[in-house]
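These notes are about the structure you will find just below.
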Amino acid sequence: MKVNNIFITLPLLSFFLLVLCASGLTAADDAAEITAMLRKLGENVSAFKSLKTDFIQEKDLAIFQSKIVMKGRIYLQKPGRIAWHVDEPVRYSVVITDKSIRQWDEDTDRVQEIALSGNPVFQNVLNQLTVWFSGDYISLLKDYDVRVLKKSPLVFEFTPKANNAAGKIIKNITIGLREDERYLKQIRILEVSGDSTTIIFNDTIFDAPIEGPDFEVKRRV
Amino acid sequence: MFDKYSGRFYDYTARNKRPVQVILILLIIISLAALYFVEYESSMDNILPQNEVLDRSMEFFRNSNIAGKVVVSLELTSPEKDVSDLLRETDLLAGSLDRNLFPEVTVGISESAVAKDIDAMFKNLPEMVSGNELSQIDAWIDQKHVSQKLHDAYLQLLKPQGMLLGSMLRSDPLGMRMLVLEKLKALSSSTGYDVEIRDGHFVSRDGRHAMLIAKSAVAITDSAGSKKLLASLKDRLATLPGYIRADIICGHAHTVSNEKLIKRDIVFISFIAAVAMLLLYGVVIRDFSAVTIFMIPVVAIVFSIDLSYLLLGKLSYWVIGLGSTVAGIATDYGTHVYFAAQGKSDPSPFVKHVIKPVSFGALTTIAIFLAFFFSGIKGYNQLAVVTIISIVVSTFISIFVLPHLMLKPDGKTSFADRIAGKLERGNISNGLAVLFWIFITLALSYFAFHVEFERDIKNIDGTEKEIINAEERFHKTWGGEKTPAVLVVNSKDYEDALEMNERIYRDAVQAVGAENFTSMASLWQAEKTRKENAGRWNEFWSEERKQRLRGLLLQEGKKYNFSKNAFEPFFESLKANNDPPSTPLTPPGLPLNKGRSETSPGDTGGFSEKSGNSLFERFVQKTDNGYRVVSFFPDTKEYAGSMNEISGRYPGSYIVSAAVLSNTLSEVVSKDLRLMTLISAISVIVMTYLCFFNFRETLIALVPPLTSIVWLFGLMALLGLSINAANMIAGVLVIGLNSDYGIFMTFRSRKEMNTGTVMAITICTVTTLIGAGVLIFAKHPALSSVGVTMVIGLGAGFFSSVMVVPKLCELFVKGKAI
C-alpha cells in the first residue's frame, strides 16, 4: 500500500513539476513573442514619415450626462507634430509640438498658445498621447504589462505596472491594429474611475502630402 | 659693532670650516629625512582672507557640494537620429560609469516622482491656500465665473490634452489647483537652466541634447584623482556612437588643464633657463664651484619646511610653492659673496666687507615678509615663516660656508674678473640717466595710481580653449550663465528654518517683488502657517457657501452636458478636509525622514523623498548642524543690497552672491595689501637706515625698490594689466631684490673696496630675467603675469641701481673712499 502510494505520488509530483516548468516556459515564450510583435510593429510604423486619418472619438465619462461622440481628422508628422481637427460636436483645432500646444475653437474664436514647459499636467498627458499615437511601443515594456487579446487582427492590452504612476489614472489601454499592421485601427483608454475614451481611425493614408495649413489652427476660421 | 662681531664669526667659521661643513651636511641629511614626516594640506581656506562674508560663502559652497558635480551634455549630431536614440545612449552611459568615481549618477527627474509630488500638493491644498487666495476663490463663486469655468472645462475635456483630466476636473471645478501649479511653475523656472523633462530625462528645448549629472568622489583640488576621473569618463564617452557628441563640464577639467599647462610651461621655461644658465656660467664665470650658489636656496627651503612644520603644523601646498620661489632670492646673497671672494688669494677681508650689505639686504627682505604677519590671510602668515627661515639660512650659508667651498685661484685673472673689473671701472651712471629716470618715474607715477586688482579669478585661469568652448556650448544649449544669488537660512530645527524663511519671503516680496525672489515659502510654509491655512479653509467652506456653489454648478453644468453628480468628488473632498489629519503633516524634500521628532521615519507626507526626485530638494538641505533653506534672487548689486539688509534683520540668515563675494574679496585683499605695504615700507626704511645710519644714503638705497613699484604699477596700468594673487607675490619678490640692489650699490659707492658689486647685481638680474623673461611666453596667464611683473620690476630696479644710484651718491653723499 505504502509502495503503491509512492508509485502514484512520484509520477504525479513529476507531472506537476513538468506542468509548472512548462507554464514558466510558456510565459517566457509569450513575453518574447510580444516583444517580437511590438518590435515588428515599431518597424512598420517607422516606415512612414507622415500620416493623415479620419477619426471618431467616443467619450464615456462620468462627468457628462451622456456619451460624447466627436468626428474629425488627425495629421501626424514625424518627429513629434500632431494636428487634431474636430468638426463635431464643437469645431476646434489643436496643433501639438514638443514645445507647445496651439489651439482654436469655434466658441471663443481665439487662437491660444500654451508652452508645455510651464504646464506639467498637460505635458504628461501629451507625452502619453504622443507615445500611443506613435505606434512604437517597445519602450513601454518597462512601464506596462502587455497582453495579446487577439492575434488577427492584432489587439494588445497595456496595463500599467505597479510602480508606474500612470496606474493611478489608467486602468488599461487597448490597441487594435489594422489588418496590414501598419498602424492603429482603434485605441481605447479605460481609466481607473471607469471613464473610457475610444478613438477609431478610418481612411488612414500614409505619407500623403501634408500641407502647411494642415498644421495651422487658423485655417479653419 | 656689526662688522666686528660678524667678522669674528667669519674667522671662526674659516678656522673650523671642516666641522662646519660636516655639521651642515649632517643637518641636510636629517632635514631631507624629516621631509618625509611633514604633512601638507590643499585647502583653499588658507589663501582666502579671514572674513565673515567669505567664510560663510566658502562654508555654503563646501556643504552644498555644487563644486563636486560632473555634468555631461550629450548632443545628437545626426539628423537621422531622434531623442529616443539619445536617451537610450544616455541611460547606457549612466549605467556604465565607475561607481567608485561617480557614486551618484542622475539623468533626469522621474516623471512619476514629479506626478507624486504634484498629487501630494493637491491633497494638501487646504494648507497651501492663503487668506488672500481664499478671498479670490470667494469671488469665483458667482454665476458668470462658474459658467465660464464649466465652458472651459467642457472644451478642455474634448481636446486631446484633456483626455485624462476628467477626474481632476470633477474634484476641482473652480480650478483652485491652478493656484498651486502657478507657484510650482515659478519655482521650477527659477533654476537658471533651460531644461525639459522627457521620459524622465533632462532634455534641452531643441530636443537634441540630454544631460547627465554625476556626483564625484574626487575633490576638485585632487589633481591625480581628477586625472583618473576624467580618463575614466572619457573612456566611457569613447564608446558612444558617432552620432553623439559629449561635452564634459566640471571643475576637475579646469584642475587637470591648469596643471597640464603649468607643467608644459615649466618644462619649457626650465629648458630655456637651464641652457641660458649653462651658457652664462660656462662662458662668463667658468667656475664649477659657482654651482653651489644655486644649491643654497634648495638647502635653505628644506630646512625651512621642516622648521615651519615644527612651528605651525600642517603646511599649505601653495605656501611651499611660493616659499620656494621666494627662497630663490637667496642666490643674490651667494652671488654677491661669490664675486667678492672670487679670484682673491685671501678672500677674508672682501667677504667681511660684504657681510653688512648682504645681511641688511636679507634683513630688508625679511622686513617685507614680517608685514605678512599682519595679513588676514592665514596662508600669508605661513608664507612669512617659511620665507624668513629660508632667507636666514641662505644668508648664513652664503656668508659663512660658501667662501670656504670656492676653488682657490690659479694666479691667472679669470674672464669673469676682467668683466667685473670693466663693469666696476666703467662710468655708466651719469646725469642723463638720472634725468631719464626722473622723467619716466614722474610720468609713470601718474598711471601707477590707476592700476587695478583682478576681481575675476577666471582671468588668471589657464584652462584650455577646448574646455572653454565646451562650456560655451553648454551655456548656449542649457543657459545658466548667470548664476543667481542665494539667501541662506540656517537653523537647527526644520520648522524654525521654515518660519524664518517665510518671514524673509514676505519682506523680500515687498523689497524686490515676488517675481525676483524664488522661495519655497511661496508654496510650502511652516507647519504653524499651514495649520492656520487649513483652519481658515475649513471655516471658509461653510454649508451655505457649498450649497451656493453646488447650485451654480448644477445650473450652469446643464448647458454643457455635465451630469448631476459631475462635481460630487469635489464636495466629498471638502468633507474629508474637515476632519483633522490623522498624522501630523510632514515637510517636503530631502530631510523629510530626519526632520521633526514627531514625524515617523520615512513618512514623507506624500512627497517623494528620494534624493534628486523631490521638487524641494533644491531649496532644503540637511547640514551637519541642522537644516538649511535657500532662496534665489538675481545677482545684481541692487538686489544683493536689499537682501543683505533683510538678512541682517534675521540672525542665522545670510546671502551668498558671486558679485558680493568678488567685491568683498577685492575690498579685503586691497585693505590687507595697503596695510602690508605700509608696514613693509616702514620696515624696509628702518632696516635700510640701520644699515647706513645716514639719512641721504638711506634715501638713495631706497631708490631701486621705489622705482620698481612706480614703474611696475604705471606700466601695468598702461598695458591694461591688473594685480592678481600670483603677480602680487612676484611684486613682493621684486621689491625684496631691488632693496638688496639699492643697499649693495649705495654701499659700493663708498668705494671702500672692490667687491664686484655691479657684476654680482648684473649676473643676478640676468639670471632672474632669463627665468622671468621666458615666463612672459608661458601659456598660463598666471605665470605669464608673473613674468611681466618680474621683468618690469627687475628692469626698473636694475636700471635705477646701476645707472642712477651711483650718480645720486656722487651728487648727494660725501665719499668715504679709501
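Just so you know, all these numbers are worked out from the coordinates, no wet-lab data involved. Because the structure is predicted, anything quoted here is derived from the model rather than measured. Because the Cβ atoms are built from the backbone with ideal geometry, glycine has one as well, and the counts that use them run over all protein chains shown.
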Exercise. If each residue's Cβ is checked for other Cβ atoms within 10 Å, how do B:Ser657, B:Ser130, B:Ser167, B:Ser270 rank with the fewest at the top?
Worked result: B:Ser270, B:Ser130, B:Ser167, B:Ser657
Problem set entry | Per-residue ³J(HN,Hα) for the stretch B:11-28, Karplus 6.51 cos²θ - 1.76 cosθ + 1.60, θ = phi - 60°, Hz, x for Gly and Pro | 4, 4, 5, 5, 5, 10, 4, 5, x, 4, 5, 5, 4, 4, 4, 4, 5, 4
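What ranking do A:Ile200, A:Ile101, B:Ile438 get, fewest neighbouring Cβ atoms within 10 angstrom at the top? Walk me through the intermediate numbers first.
Working: A:Ile200 16, A:Ile101 23, B:Ile438 11.
With the fewest neighbours first, A:Ile200, A:Ile101, B:Ile438 line up as B:Ile438, A:Ile200, A:Ile101.
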Exercise. From largest to smallest, what semi-axes in whole angstrom does the protein assembly as shown give when each is the square root of 5 times an eigenvalue of its alpha carbon gyration tensor?
Worked result: 80, 33, 27
For this session: Set the Förster distance to 25 Å, then compute FRET efficiency between A:Lys171 and A:Asn202 from the Cβ-Cβ distance, nearest 0.05.
Result: 0.45
For this session: Determine the alpha carbon to alpha carbon distance for each of A:Lys161/B:Lys546; B:Lys183/B:Lys528; B:Lys422/B:Lys807; A:Lys161/B:Lys69 and list only those over 27 Å.
Result: A:Lys161/B:Lys546; A:Lys161/B:Lys69
Exercise. Rounded to the nearest 0.05, what FRET efficiency do B:Phe2 and B:Ser289 have when you use their Cβ-Cβ distance and R0 = 35 Å?
Worked result: 0.80
For this session: For B:Lys81, go through the aspartates and glutamates and keep the ones whose alpha-carbon is under 17 Å away, minus same-chain ones fewer than eight residues off.
Result: A:Glu43, A:Asp98, A:Asp136, B:Glu89, B:Asp91, B:Asp199, B:Asp206
Seminar exercise, completed: In nm², the average projected area of the convex hull spanned by the Cα atoms of the stretch B:495-545 is 4.2 nm²
For this session: Can you pull the one-decimal nm distance between simple spin-label points at B:Leu27 and B:Thr221, each 7 Å off the Cα toward Cβ?
Result: 3.2 nm
Exercise. Hey, could you pull the Cα Rg and Dmax for the stretch B:161-228, both in Å?
Worked result: 19.7, 61
Exercise. Along the stretch B:670-675, what does the Karplus equation 6.51 cos²θ - 1.76 cosθ + 1.60 (θ = phi - 60°) give for ³J(HN,Hα), rounded to whole Hz, x for Gly and Pro?
Worked result: 4, 4, 4, 5, 5, 5
Problem set entry | Neighbouring partner chain Cβ atoms per residue of B:545-551, average, 10 Å criterion | 0
Problem set entry | From the C-alpha gyration tensor of the stretch B:325-401, square roots of 5λ in Å | 29, 10, 8
For this session: Rank these for me by crowding, B:Phe812, A:Phe156, going from fewest to most other beta carbons within 10 Å.
Result: B:Phe812, A:Phe156
Exercise. Per the Debye formula with a single identical scatterer at each Cα and no solvent contribution, what log10 I(q)/I(0) holds for chain B at q = 0.08, 0.10 Å⁻¹?
Worked result: -0.82, -1.08
Problem set entry | Interchain or long-range residues, amide H under 5 Å from A:Leu154's placed H | A:Leu177
Exercise. With Cβ to Cβ distances under 13 Å as the rule, what net charge do the other residues near B:Arg264 carry (K, R +1; D, E -1)?
Worked result: 0
For this session: Can you grab the distance from the C-alpha centre of the stretch B:758-777 to the C-alpha centre of the stretch B:646-671, Å, no decimals?
Result: 42 Å
Seminar exercise, completed: Along the stretch B:237-248, Karplus-curve 3J(HN,Hα) (6.51, -1.76, 1.60; θ = phi - 60°) to the nearest Hz, with x for Gly and Pro, reads 5, 5, 8, 5, x, x, 8, 10, 9, 10, 10, 9
Exercise. Using a cut-off of 17 Å between alpha-carbon atoms, which lysines can reach B:Lys352, once sequence neighbours fewer than 8 places away in the same chain are excluded?
Worked result: B:Lys4, B:Lys17, B:Lys344, B:Lys751
For this session: With both partners inside chain B, how many of the DSSP beta bridges are antiparallel, as a percent to the nearest 5?
Result: 90 percent
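Can you tell me the equivalent ellipsoid semi-axes for the stretch B:283-370? Use √(5λ) from the Cα gyration tensor, largest first, whole Å.
On the way: eigenvalues 165, 49, 22 Å².
With the √(5λ) rule applied to the stretch B:283-370, the semi-axes are 29, 16, 11 Å.
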Seminar exercise, completed: At 20 °C and 1.002 mPa s, the Stokes-Einstein diffusion coefficient in µm²/s for the stretch B:115-226, with hydrodynamic radius from the Kirkwood sum on alpha carbon pairs, is 120 µm²/s
Seminar exercise, completed: Residue-normalised 222 nm signal for chain B, counting each DSSP H run of n ≥ 4 as -39,500 (n - 2.57), nearest 500 deg cm²/dmol, is -20000 deg cm²/dmol
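Quick check on my link table: of B:Lys356/B:Lys378; A:Lys71/B:Lys564; A:Lys150/A:Lys185, which ones sit more than 22 Å apart, alpha carbon to alpha carbon? Mind showing how you got there, number by number?
Working: B:Lys356/B:Lys378 33 Å; A:Lys71/B:Lys564 26 Å; A:Lys150/A:Lys185 13 Å.
Too far apart for the 22 Å limit: B:Lys356/B:Lys378; A:Lys71/B:Lys564.
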